[in-house]
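Chemist: One structure, pasted below without further comment.
The values are calculated or read from the model by the stated rules, or taken from the named source; none is laboratory data. Keep in mind it's a predicted model, so treat the numbers as computed, not measured. Here Cβ is always computed from backbone atoms with ideal geometry, including for glycine, and neighbour counts include all displayed protein chains.
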Amino acid sequence: MKTTFWRLLCMALLLGSSPLHAQSDSTPQLYRLTAREALDLAMKRRTEILNAQIDVQSQDALNREITGAALPQVKGNFGLQRNFAIPVTVLPDFISPSVYGVLEREDVRDGNGNPIKFDGVINTFPAAFGVPWQAQVGVGVQQLLFQPDVFIGLKARSSAIELYKNQLLVAEDSVKSNVLQTYYGVLVTEQGLRFARESRDRLAKLYADQQQLFNTGFIEKLDVEKTKVNLNNVNSTVTNLKNLVALSYGGLKFALGISQKDSLVLTDSLSLTELNRDVLEMENGFKYENRNEIKAINSSQELLGLQVRRYRMNAYPTVAAFWNLATNAQRLKFDFFDTKQRWFFSNIAGVNISVPLTDGLQRRYKLKQAELAYQKSNNSLDRFKQAIDLQVVAARTTFTNALLALNQQVENKELAEKVYATTKIKYDRGLGSSFELIQTETSLQDALNNYYQALYNAVVARIGYQRALGKL
């Protein structure tokens, strides 16, 4: 039997899997899994799913941070200061003019009898204000009443968390498709191995019978050698398929995120009934919103729309209320803990209003960029919907063709089995040759190989069709 298909299949199983969650369990485990249980296990262990879940949690934490910006902000402060050199201020001599004014009004004269008058020259003198030690303790409360950034941030919380949840669903769709293809690929490989073993057993029995006939002189040695050649080929095929089955199980373990030391038992089976189930109803009620990618794009568009609103509202004022309560002390020496010394309290409350007047047209062009980004997102959404239309048509066509091909291969397999059974009866009755029997055996091998390939193609096509419809 040709094994190219099986090799390619197993390579696809391995290469189609993504990086996984590191294993911390060293004890091998046994997993008995249906396809649905395999999906559930992968949802708990695949790295991309775990990371997408972390993104949701991270966004939730960011949402709470944004909420905190709208709540009262309370700050306490304590300050201690030592002035080693008190700052000096030069002041005009405001004392001398006042003194001379009094002397003039009182007509005070000097020793020579001349009236004392101000000469008009104002001098300066240095003055040091402050004391060496200062301390202050206070508490301040600020409540933001309105700020455009925070207001839009509060509105964007639900859209942002929804975006990450939808991205998680997109990641889950990708993992589901990969795991299902890998799971059913393993089943197909196992069925191929099962048939190869049956073929080997048939040829082994034929070879044993022919040896007896050759020993009694009823057939030629050439007939025995032809059968031996085919038996050797089938034995080689069985060995290769055994290795490929082991490799395909390794690929499935990799896809599920479990250790290669663990054991797997697959409890589902492949059947034509399952493949044809609900085929006519699959596309009923389809709408773009069934696709998680569309949900993610819609959430992203909501955020882009809020970004536009943010830049528009940046022209609005920021309003905040505040209250500051503080006490301070000034000392010539460090005696702040002396209860006899006074501390002086201050208690201030008010409202701050900050009005943007001009910013060099920055807000205008930021708004323009946000509007263009929103328009670009609309264009991308329309284009993606067109891509979905094409995906659905292509997936439907591929699935339909795969089912037709599978039905043909089912018929070919049944015919090949019937031809082989008839030829075997003729051979057993001495009416047919061993060459004819080996030819029909080879034809049966090819028919079954084509059948299993068509079966796997149909499974993959159905999964692709379901994913295109958003019903995976």
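Chemist: Might you check whether a residue that is closer than 17 Å to Arg202 by Cα and either in contact (Cβ under 8 Å) with a residue 12 or more places away in the chain or not assigned by TED's automatic domain parsing to the domain that holds Lys226 (or both) occurs anywhere in the range 425-432?
Modeler: Looking for residues that are closer than 17 Å to Arg202 by Cα and either in contact (Cβ under 8 Å) with a residue 12 or more places away in the chain or not assigned by TED's automatic domain parsing to the domain that holds Lys226 (or both), one finds none in the range 425-432, hence no.
Chemist: Which residue, of Ser236, Ser248, is of a type in the set (S, T, N, Q) and crowded, with 18+ Cβ neighbours inside 10 Å?
Modeler: After applying the criteria, what remains is Ser248.
Chemist: Would you confirm whether any residue within the range 277-284 is exposed (fewer than 13 other Cβ atoms within 10 Å of the Cβ), under 30 Å from Asp389 (Cβ atoms) and among the hydrophobic types (A, V, I, L, M, F, W, C)?
Modeler: Yes, the range 277-284 contains at least one residue that is exposed (fewer than 13 other Cβ atoms within 10 Å of the Cβ), under 30 Å from Asp389 (Cβ atoms) and among the hydrophobic types (A, V, I, L, M, F, W, C).
Chemist: Check every one of the strands (runs of 3 or more DSSP E) wholly within the range 71-157 and list those with 3 or more residues that are at negative phi, surrounded by 14 or more Cβ atoms within 10 Å (Cβ to Cβ) and not charged (D, E, K, R).
Modeler: Because the criterion is at least 3 residues that are at negative phi, surrounded by 14 or more Cβ atoms within 10 Å (Cβ to Cβ) and not charged (D, E, K, R), the strands (runs of 3 or more DSSP E) in the range 71-157 that meet it are 133-146.
Chemist: Could you list, ordered by first residue, the pairs with Cβ atoms under 7 Å in which the first is in the range 204-225 and in contact (Cβ under 8 Å) with a residue 12 or more places away in the chain and the second is surrounded by 12 or more Cβ atoms within 10 Å (Cβ to Cβ) and among the charged types (D, E, K, R), at least 6 apart or interchain?
Modeler: Tyr207/Lys228; Gln210/Asp223
Chemist: Exactly one of these conditions fails for Glu274: (1) under 30 Å from Asn401 (Cα atoms); (2) touching a helix residue (DSSP H, G or I) at 6+ places or on another chain (Cβ under 7 Å); (3) among the acidic types (Asp, Glu). Give me its number.
Modeler: All conditions pass for Glu274, except number (2).
Chemist: While we're looking at this one, here's another question. Could you tell me which residue of the range 431-472 is farthest from the chain's Cα centre (by Cα), considering only residues that are more than 23 Å from Ser177 (Cα to Cα) and not in a helix (DSSP H, G or I)?
Modeler: Across the range 431-472, the extreme among qualifying residues is Leu431.
Chemist: Further, regarding this structure: Restricting attention to the range 252-269, which residues are part of a loop (DSSP other than H, G, I, E, B) and free of Cβ contacts under 8 Å to residues at least 24 places away in the same chain?
Modeler: Scanning the range 252-269 gives a single hit, Gln260.
Chemist: Scan Asn324, Asn347 and give me the residue that is surrounded by 11 or more Cβ atoms within 10 Å (Cβ to Cβ) and either modelled with pLDDT of 90 or more or over 30 Å from Ala52 (Cβ atoms) (or both).
Modeler: None of the other options fit; the residue is Asn324.
Chemist: Any residue in the range 315-332 that is in contact with a helix residue (DSSP H, G or I) (Cβ under 6 Å, 6 or more places away or on another chain) and within 30 Å of Leu169 (Cβ to Cβ)?
Modeler: Checked against the condition, which is being in contact with a helix residue (DSSP H, G or I) (Cβ under 6 Å, 6 or more places away or on another chain) and within 30 Å of Leu169 (Cβ to Cβ), the range 315-332 yields no hits at all.
Chemist: A further question on this structure: Inside the range 204-251, can you point out the residues that are part of a helix (DSSP H, G or I), among the aromatic types (Phe, Trp, Tyr) and over 44 Å from the mean Cα position of the chain (by Cα)?
Modeler: Correct list: Tyr207, Phe214.
Chemist: Sticking with this one: Can Leu163 be described as in a helix (DSSP H, G or I), within 25 Å of Leu304 (Cα to Cα) and among the aliphatic types (A, V, I, L, M)?
Modeler: Against the criterion (in a helix (DSSP H, G or I), within 25 Å of Leu304 (Cα to Cα) and among the aliphatic types (A, V, I, L, M)), Leu163 qualifies.
Chemist: Can you find a residue in the range 267-275 that is modelled with pLDDT of 85 or more, assigned by TED's automatic domain parsing to the domain that holds Gly185 and either surrounded by 14 or more Cβ atoms within 10 Å (Cβ to Cβ) or touching a Phe, Trp or Tyr at 6+ places or on another chain (Cβ under 7 Å) (or both)?
Modeler: Yes, that holds for at least one residue.
Chemist: Output the residues belonging to the range 337-394 that are in a helix (DSSP H, G or I) and either in contact with a Lys or Arg (Cβ under 7 Å, 6 or more places away or on another chain) or of a type in the set (Ser, Thr, Tyr) (or both).
Modeler: If the condition is that a residue be in a helix (DSSP H, G or I) and either in contact with a Lys or Arg (Cβ under 7 Å, 6 or more places away or on another chain) or of a type in the set (Ser, Thr, Tyr) (or both), then Tyr365, Leu367, Tyr374, Ser377, Ser380, Ile388 are the ones that fit.
Chemist: Another one. State which residue is surrounded by the most Cβ atoms within 10 Å (Cβ to Cβ) when the search covers only the range 378-394 and only residues that are touching a residue at least 12 places away in the same chain (Cβ under 8 Å) and closer than 16 Å to Lys287 by Cβ.
Modeler: Ile388
Chemist: Return the pair list, or none, for Cβ contacts closer than 6 Å from residues in the range 144-158 that are without any contact (Cβ under 8 Å) to a residue 40 or more places away in the chain to residues that are among the aliphatic types (A, V, I, L, M) and assigned to a helix (DSSP H, G or I), at least 6 apart or on different chains.
Modeler: Going by the 6 Å Cβ cut-off, there are no qualifying pairs.
Chemist: If we scan the range 123-143, do we find a residue that is over 31 Å from the mean Cα position of the chain (by Cα), of a type in the set (A, V, I, L, M, F, W, C), at pLDDT below 75 and over 30 Å from Asn314 (Cβ atoms)?
Modeler: So far as the range 123-143 goes, yes, one or more of its residues are over 31 Å from the mean Cα position of the chain (by Cα), of a type in the set (A, V, I, L, M, F, W, C), at pLDDT below 75 and over 30 Å from Asn314 (Cβ atoms).
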